[in-house]
Every structure is written in C-alpha cells, then in structure tokens.
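The values are calculated or read from the model by the stated rules, or taken from the named source; none is laboratory data. As the structure is a prediction and not an experimental result, all values here were calculated from the model. When we count neighbours, we look across all protein chains shown, and the Cβ atoms used for this are built from the backbone with ideal geometry, even at glycine. Just the protein is used for accessible areas: all its heavy atoms, side chains included, with ligands, DNA and RNA removed. Shrake-Rupley method; radii C 1.70, N 1.55, O 1.52, S 1.80 Å.
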Amino acid sequence: MRIDRLALYSWMLWLMTSGIAWSQYDRPGGTGPQSRSVVMARHGMVATSQPLASQVGLRILQAGGNAADAAIAANAVLGVVEPMSCGIGGDLFVLYWDAKTGKLYGLNASGRAPKELSIEDFTSRQLTQVPVSGPLSWTVPGCVDGWEELRSRFGTKPLGELLAPAIEYAEQGFPVSEVIAAEWAAAATALAASPESAATWLIDGQRAPHAGEVFRNPRLAATYQLLAIGGKEAFYRGPIAAAIVAYSEAQGGCFTPADFAEHRSEWVEPVSTNYRGYDVWQLPPNGQGIAVLQMLNILEAYDLKAMGHNSAEYLHLLIEAKKLAFADRAKFYADPAFVDVPVARLISKDYANAQRKRIDPNRAAVNVPAGDPQLQSGDTIYLAVVDGAGNCCSLIQSNYYGFGSLLTPGELGFCLQNRGALFSLDPAHANALQGGKRPFHTITPGLVTHQGKPWLCFGVMGGDMQPQGQVQVLVNMIDFGMNVQAAGDAARVRHLGSAAPTGAPMDAAGGTVACESGIPAAVRAALEMRGHVLDKSRQSFGGYQGIHIDQQGTLHGGTDPRKDGAAVGY
C-alpha cells in the first residue's frame, strides 16, 4: 500500500477546506490577517513542528549550547514525537551560518544506494520503477553521520547530553499532538502489515495513538543510548549497523556491512541568487534547492507587488515559473559525483531571461520540456535555530514518505527511509539508479542573507511543495512586506504535475493547481480562464518554520499553523 505524505494530512486539511481560514482572524494591534503574534526574543530562538522539540532546543541554548547543539537535540526529539516524518533511519541536510567566520556552510548528509543494488535487480522482477515501500527502496541513512559532522565542526556539547531529552521522552512517553496523531492514524493499516513496525508504532500492535494519548518508544530509547555512548561508530560500524544488515538479509534487501562502514557525509559549497537585493542560499544537487533559485530568477523581472498578493496575475506567473524549473529538475538534478549537473548555468540570470520568454502571461502552458542550459562539458521535518552569538542552523530531516519504507529493523525503534524510490530505472537518465549513488532528493533547507548578514533562516517541508512554498514565503516577505508569521500563514497554491526526477515529462494537461481556501473564488476563476486546471482534492501545502533577524539583532519567529509546532525564544 502506497503511503504518500500528501495523503496523511486529512484531518489538518479538513481545517483548510471547512471555511476556517487563517485570514479570518481579527487580531488587535494592527498585525493583519495572521494566526498568531510573531515570537520575539534577543538571546536565542528555536522553531520546529512540535512544541516539545522546540522547548528542548531552547533548553540547550539556555544551558550554553549553540545553534548546532540545539538543532541536533531538537531533531532527536522530533524523531521520537514525530516519527512518521523523520528519524535516524533517514537523511539530513543543513545550511549553517557560522558567526565567528562570517561564512555559510552546507552539509549534505544523504545516504547512497547499496553497492550491490543495480537496475537489473528491478528489471528481473519486471519492475519499471523503484517501489515506494519495502527493502528495495532503502538507501543508507545519513542522519546520524550528519549529526556528528555538524556537532564536531560547530557544536560545543557531547552527543550524550544532546540526546538525553529525547531518551527521556522515548522512555517515559509524551502526549501525541493533533496533526501528528492524524498522520499516524493514516499509516496504521500499512504499519500493521509488518510485525516489527506494528510492535514499535501501534498500540497493542493494532492502532495508532490518539491525540493526547501518551506514547512510549523504549526501543528507540535503547538505540539512542547506544548512540550516546558509542556515537556514530555504533550506528555505522557497531551493533546498530549489524542489526540493520541482519534485518535486510531477512527481508530480501541488499545492505552489506560495507555500505554502512564506508558511508560519509559531504560538506558542500552553498549556491545562491540575488532576489531584489537579498541573497537566497540553497544547497546544490542532489537536492532540489536550486529550483527555488530558478523560480526567483524568473519572477524577479515582474512587478509582483503591483499585481497584488495572491492575484491571478501573480499566481499564474508563479505556477509557470515552477513548471519551467521543475522540468529542468526532472532532467538535470542528480548526484554530482556521478553526472555533470549544470548548476551555474541553471541558476544564472541569463538562463532565467531565456526561460522567461517561454511564459505566456495569459495562458497556462500544457507541455513543458526542460530548457537548454547549454551543457557542454515529495515525510519531513524542518527546524530553524538562531543563537545569541548569531549562529544560524537551517536543518531539514526526513524519512521521505510517512514512516519511510514502512519497515522497522528489528527492535531498533525507528523506520528506514524509502528515499531510493526517487531513483530512475532508465539507464540513460542522470538520476539512474547505481550502487553507491545518492538519489535525487527533495529536502531543502533555506537561508537568506542581506548586506552580508543573516536575514532569514527558514524552510518549508513537503516534497514537491518545498520549492513552491519557499518562493511564496519569500515573495510574501520581500515583495509584499509581510512579517515572518504572516508570510507563513498566507494562503498558498501548489502546482501538481507529473514532471518527476525519474525522467517522466510533464503530462499533456500541464498538471493541476491546488488552492487553499484563502485563495478567493474570483482568483480561482481567473486562473481557470487562463487554462489552469484546478485540483479540488485535499492536498498538503507544506509546513513552514522561520526566524527573521532584524537590523538590531532581534529574532522574529514564525511557525506554520498547518503543523503542531511552535517558535520559542528567550
């Protein structure tokens, strides 16, 4: 059974389609149509999708830790309290601003396909694509190595201290929050099909915990204890790796001890574009972050402010820019260790000028092939932390689908990601599956600098929604002058098309457009007049967290009402 992240939001999305729109709140103080006040503080701030994780991150800051320490601790708690979205069976990406050096660093902690896995393993089974669940969807989890790379380079506290709060919640239990409970329930039937998953994630092996019910995961607590004592060696060369490999052999997977022992994260140079005086930073492929830069480059030439927020004119251009960027994403984005990805050309202003000429301002494109960059030679959590010294950690971590592959190795207490499902089985494709190769990745942390200093530490989780959501948040703040909370509250659109990293072209209909209930009926009608096909089914519009740093150094936190989360500071 396919458990797509987009399907796991039924309860949350009911709120969006039942007439309860964020814009309907009338609040004193002239703050406009937003769900809550901006959280403001001076000494440190943490924004995550679950309040318990945010509070743990804040405690680490107050105990003398920095942004790296707090991010790791909060991420570990999220692996306990939001297990369908993240965990040590998944991957991790980070953008980290180091205040001491005044430099931005990028960390790619994504895992690779088992070295013994090949396309022939799928074709011999008459499979035309990688399954979205089961052992053939596995890649090596990169999270734990990413934690250690981040901690050893920038952190100040031992891993055991950072994991202690998460161990306590796993052992003693935590009350399950509302949105997370709905996502958990949506996966219950699929989890029940695996004895190990049922024993780990379901009450009495039968049902998901209800909202407010206390849930314990002693198996994960024991695994975290192994990490607290043995560090990443316990995961990649010790008892955790041994247990995963043994489980893989029993399930028909292809993991070997060497796949874990040889795993390495990679420090990479972030890439950027300037949008109206703001430098927007992303990680290069194998992730999809440069799609944000491509979209912004195209939109920059238009006077979006004059068009009006969420007007049909603006949304049409946003959707068409997305189509162009995602067509390139489908063709070019892949592991640069295996293929030459033309990043510099794709994010150049000249290329955007050429791409912009393909947009009809009055008509939706119905067939969008990739551009020509002249090549010569989307379950996830996002969290943001800014500490008192000015260090910024933009961290995103994921299992891909809800509970990843739906398989939980033995008694380790975490599920293994299904990130390998994003490989193509076309040998000629840039993202073709190969042993030891990293798949195309959807998770994308974001960071914006202004006049050489951090201005916004932010992200929007949610598969293909991530670049679309990031662009909408940035346009809301830069073009329409919204604060960090209102920018996330504002109604969003999501273009859904079949342009995929497996090489499939955009479908002939040009995809469909989903609109949140805050998009006026007149705007929807105007989009249809331009040829856009509106998707009236329930969709996910992402989960946003953001911390804005103003000129005085005051921290302004925003959190998405579409999630359970909180921004907290001191």
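Would you tally the residues in segment 229-255 being surrounded by fewer than 22 Cβ atoms within 10 Å (Cβ to Cβ) and outside any helix (DSSP H, G or I)? Residues in segment 229-255 being surrounded by fewer than 22 Cβ atoms within 10 Å (Cβ to Cβ) and outside any helix (DSSP H, G or I): 4 in total.
Does L117 satisfy the condition of being modelled with pLDDT of 95 or more, not in a loop (DSSP other than H, G, I, E, B) and not acidic (D, E)? Criteria not met by L117. The residues of segment 22-44 that are modelled with pLDDT of 95 or more and either part of a loop (DSSP other than H, G, I, E, B) or out of contact with any Ser or Thr (no Cβ under 9 Å at 6 or more places or on another chain) (or both), listed by number, are V38, R42, H43, G44.
Here is the figure for segment 267-289: residues that are of a type outside the set (V, I, T) and under 18 Å from the mean Cα position of the chain (by Cα) total 10.
Among the residues of segment 157-171, none qualifies, meaning not one is under 17 Å from the mean Cα position of the chain (by Cα) and among the small types (G, A, S).
Of all residues in segment 509-526, those satisfying the criterion of being of a type in the set (A, V, I, L, M) and under 28 Å from the mean Cα position of the chain (by Cα) are A509, V513, A514, I519. Here E149 meets the list (1) open to solvent by less than 10 Å² (accessible area, probe 1.4 Å); (2) in contact with a Ser or Thr (Cβ under 6 Å, 6 or more places away or on another chain) almost entirely, failing just condition (1).
D259 meets each of the listed conditions (1) buried (at least 23 other Cβ atoms within 10 Å of the Cβ); (2) farther than 23 Å from L159 by Cβ; (3) not aliphatic (A, V, I, L, M) apart from (2). The residues of segment 341-366 that are open to solvent by 40 Å² or more (accessible area, probe 1.4 Å) and not hydrophobic (A, V, I, L, M, F, W, C), listed by number, are R345, K349, D350, N353, R356, K357, R358, D360, P361, N362, R363.
Taking the criterion of being in a helix (DSSP H, G or I) and more than 30 Å from V132 (Cβ to Cβ), the residues of segment 442-481 that qualify are L474, V475, N476, M477, I478.
Residue by residue, here is whether (1) under 19 Å from L318 (Cβ atoms); (2) of a type in the set (G, A, S) holds:
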site	(1), (2)
V513	yes, no
P520	yes, no
A526	yes, yes
M529	yes, no
L534	yes, no
Q539	yes, no
H548	no, no
T559	no, no
A567	no, yes
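One line per residue, one yes/no per condition, for (1) outside any helix (DSSP H, G or I); (2) surrounded by fewer than 20 Cβ atoms within 10 Å (Cβ to Cβ); (3) basic (K, R):
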{"site": "K157", "(1), (2), (3)": "yes, yes, yes"}
{"site": "L163", "(1), (2), (3)": "no, no, no"}
{"site": "Y169", "(1), (2), (3)": "no, no, no"}
{"site": "E183", "(1), (2), (3)": "no, no, no"}
{"site": "A188", "(1), (2), (3)": "no, yes, no"}
{"site": "A199", "(1), (2), (3)": "no, yes, no"}
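Yes/no per residue for (1) assigned to a strand (DSSP E or B); (2) buried (at least 24 other Cβ atoms within 10 Å of the Cβ); (3) in contact with a strand residue (DSSP E or B) (Cβ under 8 Å, 6 or more places away or on another chain); (4) not acidic (D, E):
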{"position": "D69", "(1), (2), (3), (4)": "no, yes, no, no"}
{"position": "I88", "(1), (2), (3), (4)": "no, yes, no, yes"}
{"position": "L95", "(1), (2), (3), (4)": "yes, yes, yes, yes"}
{"position": "K100", "(1), (2), (3), (4)": "no, no, no, yes"}
{"position": "G106", "(1), (2), (3), (4)": "yes, no, yes, yes"}
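Do we have A185 as within 24 Å of L395 (Cβ to Cβ) and either at pLDDT 95 or above or under 25 Å from the mean Cα position of the chain (by Cα) (or both) here? Criteria not met by A185.
Taking each residue of segment 438-459 that is modelled with pLDDT of 95 or more and of a type in the set (S, T, Y) and looking for partners that are surrounded by fewer than 22 Cβ atoms within 10 Å (Cβ to Cβ) and part of a loop (DSSP other than H, G, I, E, B) with beta-carbon atoms closer than 6 Å, six or more apart or interchain, yields nothing. Among the numbered criteria (1) out of contact with any Ser or Thr (no Cβ under 6 Å at 6 or more places or on another chain); (2) open to solvent by 10 Å² or more (accessible area, probe 1.4 Å); (3) farther than 29 Å from P257 by Cα, which one does I119 miss? Only one criterion in (1) out of contact with any Ser or Thr (no Cβ under 6 Å at 6 or more places or on another chain); (2) open to solvent by 10 Å² or more (accessible area, probe 1.4 Å); (3) farther than 29 Å from P257 by Cα is unmet by I119, namely (3). The single condition from (1) modelled with pLDDT under 95; (2) aliphatic (A, V, I, L, M); (3) over 30 Å from E82 (Cβ atoms) that A330 fails is (3). Being open to solvent by less than 10 Å² (accessible area, probe 1.4 Å) and either under 24 Å from D379 (Cα atoms) or not β-branched (V, I, T) (or both) is the filter here; which residues of segment 449-461 pass it? Hits for segment 449-461 are L456, C457, F458, G459, V460, M461. Check segment 207-228 and report whether any residue there is outside any helix (DSSP H, G or I), open to solvent by less than 10 Å² (accessible area, probe 1.4 Å) and not hydrophobic (A, V, I, L, M, F, W, C). The answer is yes, given that some residue of segment 207-228 is outside any helix (DSSP H, G or I), open to solvent by less than 10 Å² (accessible area, probe 1.4 Å) and not hydrophobic (A, V, I, L, M, F, W, C).
Can you pull out every residue in segment 272-306 that is of a type outside the set (D, E), surrounded by fewer than 17 Cβ atoms within 10 Å (Cβ to Cβ) and out of contact with any strand residue (DSSP E or B) (no Cβ under 9 Å at 6 or more places or on another chain)? R276, A301, K305, A306 - these are the residues of segment 272-306 that are of a type outside the set (D, E), surrounded by fewer than 17 Cβ atoms within 10 Å (Cβ to Cβ) and out of contact with any strand residue (DSSP E or B) (no Cβ under 9 Å at 6 or more places or on another chain).
Criterion applied to G503, G497 was being at pLDDT below 95, in contact with a strand residue (DSSP E or B) (Cβ under 8 Å, 6 or more places away or on another chain), on the phi > 0 side of the Ramachandran plot and not hydrophobic (A, V, I, L, M, F, W, C), and the one residue passing it is G503.
Residue under question is A428, and the condition is that it be open to solvent by 10 Å² or more (accessible area, probe 1.4 Å) and of a type outside the set (D, E, K, R); does it hold? Against the criterion (open to solvent by 10 Å² or more (accessible area, probe 1.4 Å) and of a type outside the set (D, E, K, R)), A428 qualifies.
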